[in-house]
Structures are given as C-alpha cells and as structure tokens.
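A quick write-up on the structure given underneath.
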Amino acid sequence: MARILVVDDNADLLQMIRMLLEERGGHEVILSAEGEDGLAKARATPPDLAIIDVMMPGMNGYEVCRQLRQNPATAQIPIIILTARGQPVDRETALAAGADDYIAKPVTMAELLERVNRLLTSKVTRRPTGGTIAVLSLRGGVGVTTLPVNLAVTLARSSPDQVCLADLSPSSGHGALQLGLRPDPNWSALALLTSGPGSATIRNYLLAHPSGLHLLASPFVPVVGGGLPREMVLAVLRALREGFLYVVADLPAMLTEGVMAVVENADAILLVTAADPAALQTTVGTLQVLKPQASKVHLVLNRTGPDPAPPMDALQRVLKHPISAVIPFDPAQARALSQGKPLALSAPDSPLARAVAHLAAGLEKMPVPKGVAG
C-alpha cells in the first residue's frame, strides 16, 4: 500500500480518483483542491507518489511540481501531471518541471491506476545518476562562475557531501569568493605531484562548505600558462568522480588542453552565452569547436542585465542550436556576490535560484555516466 497525494480543484474528479486508488488499488489517498495546500501536505508528510492537476487557482501544477523537486524531503517523489492540455509542448513543460509521467484528460480510471502502479512498482524516483558537468563560455562577463556555483549548491542540497565544484581557472577564479571561502588549499600544489592523486589524496586539496558542497579552489595568485596539464586534469577528474556523485567544473574562457580534457569527458556541457553581439559571435564559434560533443551541449542564456527579454526564436536561428535554459537577471545577485552567499542558499525563491533549480532537475536525468578516458 502506498500513500498517494492527489491535487486537483475538480471535486468530482478528486472523489473518483480517491475511490479508484483506495478500493481498486488498496492505497491510502490524501486529497487537496489547491496547489498551496497540496504542497503543504506533501512537505508535512511526504507521500509515496503525487498526482497533480495543472490548471488550479493560485499556484498551478507546474509550480507545485517544481517546488516539490526543490525540497530535499520531497525531491524523490514520483509525480504524475494530469491535465486537460494535450499538446506536445504541454508534455515537455510537465517533464521540464520535474514530472515523471504526463497524462492528458480525459483518462480512463484503468489507465490511471496502471500508470500509478507502474511508477510505484518500478520505483521510478528521481535518484540522481551523477556525472561530470562542464560549464564554460569563451566570452568573459556572462556569469559563468555564478552558474556553476549556484548549480553545485543546488545539487548538494539533495546530495550532501556528494558534489564537488572544481574551479579550474588559472587566473584567480572566483568560486571560493562566491562561496565566502578562502582559497587555501587549492589546486596549484597538484602540479607538484609526480603522479595523479587518488580519491583519498584529492580530499586534502578540497575546501568544505557548510552547504555540504566541496570545492577544488583556483589559486588566489594567477598561474602563468594554461593551468594544470591535460594528464593531471584527467587524473583529478578520475579521483573526483570516484569520490563524488557530481563534479561541476567551472572552466576558464580558453580552450587549453586541460579544458578540452574536461569537455571531452563531461556528461553534460553547459555553454553559457548572453544576448549581446560579441557573446553570440563567440558562442557560434565555440559551437563549431564543440561539434564532436554536440549531443551533450546545453546552451544556457544568462541575462546579465535588466534589458527586455530577447526573442528566443531569433537567437536560436542565429546560434543554430536550441537554448536549453534561460537564467533571468536577478538584481539580488550583486549583493550575493559581495556577501559570499549564493542565491541558491540565501534566497532559494529568487528568480535566479529558481531557474538554476529547474536546470539542476533536468541534469539529474542525465544518462548513467561514463568513465574518464585515460
């Protein structure tokens, strides 16, 4: 018997689903007619599965789904979106919000019960599979470090002590600064090793953050040259992957051999751009270089100013690549930088933090990660 939460403002449908799940399915059912109430009930006593309608007064079903995914206590709950909207874009929106299944109304009670039991039997929860996430842009000033810092903090919220942020900038990277940490130790001493570190040794070079995140910091004093050589980068990646579920790599704005080693071995590449002509030109060129990795490139538009939102269709025509995520301009980010407190921690309901949480939910669906090439 499972405990199932059903959120729908249609009272008759609520009672029909309750009877179906209790009498034919043998489950315990909790009913709610409003998104806010359903969310509160889920947080108070997390259910084994949730069925959520989209169109409701107040908070809609997509938002309920997103907030369930952002809360560690409810992040793993299987969710079925039930909606009268049956277009492909509606299904994509539901899955992007974090749903595990999508059912368009009208639906037979037999089909609904079959979908519920399938999710429960197969235990299709949102357990993260892990992987290496590379974040880069060859155009400076587009907020690259802000994205991996907030992304790593968000991932660490549901997987504490299982996420490492690697700031590989040789030019005094700002990962430690944004986390309010002193960059000592850092990776500069790794260059002195005669062989690559193992998963135990690499911990001596990491900083621990109160959020449960670990950081391989960039040295405060800029390093002459392109940073760690390729073979050392590969060894560091292997060691981090052995010790952590996720490795988020904040890469510098240059395609050194070490950077390419990360890109080639990443499970996902977040290519960050902005809407200004210089950023778009650089991104078009970078996409050409990354053609061999095109299947794992996710283009992220970071809005670094309060200018009106650019037309997505026009941008995608210029870039000839779909935009996977948009990070909105958030005026609170300036204060977060000065205080060393990422918005994902200090203001999780802020526009930037919510957009990063949405991106993180999608990345948690990454395929089972591969090993690091030698």
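When the range 310-339 is limited to residues that are in contact with a strand residue (DSSP E or B) (Cβ under 6 Å, 6 or more places away or on another chain) and among the small types (Gly, Ala, Ser), the one that is nearest to LEU359 (Cα to Cα) turns out to be ALA325.
Looking at the range 217-226, can you tell me whether even one residue there is closer than 19 Å to THR194 by Cα, under 24 Å from the mean Cα position of the chain (by Cα) and at pLDDT 95 or above? No, the range 217-226 has no match at all. The residue that is farthest from CYS65 (Cα to Cα), among those in the range 1-54 that are touching a residue at least 60 places away in the same chain (Cβ under 8 Å) and in a helix (DSSP H, G or I), is ARG24. Within the range 245-261, the set of residues being crowded, with 24+ Cβ neighbours inside 10 Å and assigned to a loop (DSSP other than H, G, I, E, B) comprises LEU251 only. Can you find a residue that is in the same structural domain as PRO277 (by TED's automatic domain parsing), in contact (Cβ under 8 Å) with a residue 60 or more places away in the chain and assigned to a helix (DSSP H, G or I) anywhere in the range 315-331? There is no residue in the range 315-331 that is in the same structural domain as PRO277 (by TED's automatic domain parsing), in contact (Cβ under 8 Å) with a residue 60 or more places away in the chain and assigned to a helix (DSSP H, G or I).
If you check VAL54, VAL29 for being closer than 26 Å to SER158 by Cβ and in contact with a strand residue (DSSP E or B) (Cβ under 7 Å, 6 or more places away or on another chain), only one passes: VAL54. Selection of first residues in the range 152-163 that are under 11 Å from PHE244 (Cβ atoms) and of second residues that are of a type outside the set (Lys, Arg) and at pLDDT below 90, restricted to Cβ pairs under 7 Å at least 6 apart or on distinct chains, gives the following pairs, ordered by first then second residue: LEU155/ALA360; SER159/PRO128. Of the residues ALA274, ALA294, ALA347, the single one that is surrounded by 20 or more Cβ atoms within 10 Å (Cβ to Cβ) and over 16 Å from the mean Cα position of the chain (by Cα) is ALA274. Criterion first (touching a Cys at 6+ places or on another chain (Cβ under 8 Å), touching a residue at least 12 places away in the same chain (Cβ under 8 Å) and farther than 19 Å from ALA355 by Cα) does ILE79 satisfy it? Against the criterion (touching a Cys at 6+ places or on another chain (Cβ under 8 Å), touching a residue at least 12 places away in the same chain (Cβ under 8 Å) and farther than 19 Å from ALA355 by Cα), ILE79 qualifies.
The strands (runs of 3 or more DSSP E) falling completely within the range 92-205 that include 2 or more residues that are modelled with pLDDT of 95 or more and touching a strand residue (DSSP E or B) at 6+ places or on another chain (Cβ under 8 Å) map to 131-136, 163-167. Looking only at residues of the range 1-24 that are touching a helix residue (DSSP H, G or I) at 6+ places or on another chain (Cβ under 8 Å) and surrounded by fewer than 21 Cβ atoms within 10 Å (Cβ to Cβ), we find that the one that is farthest from ARG118 (Cα to Cα) is MET16. Going through (1) in contact (Cβ under 8 Å) with a residue 24 or more places away in the chain; (2) touching a helix residue (DSSP H, G or I) at 6+ places or on another chain (Cβ under 7 Å) one by one, TYR205 falls short only on (1). Within the set SER172, SER199, SER195, the sole residue that is small (Gly, Ala, Ser), assigned by TED's automatic domain parsing to the domain that holds LEU345 and within 26 Å of ASN302 (Cβ to Cβ) turns out to be SER172.
The values are calculated or read from the model by the stated rules, or taken from the named source; none is laboratory data. Everything numeric in this text was worked out from a predicted model, so none of it was measured. Every residue, glycine as well, gets a Cβ built from its backbone with ideal geometry; the counts of neighbours run over all protein chains shown.
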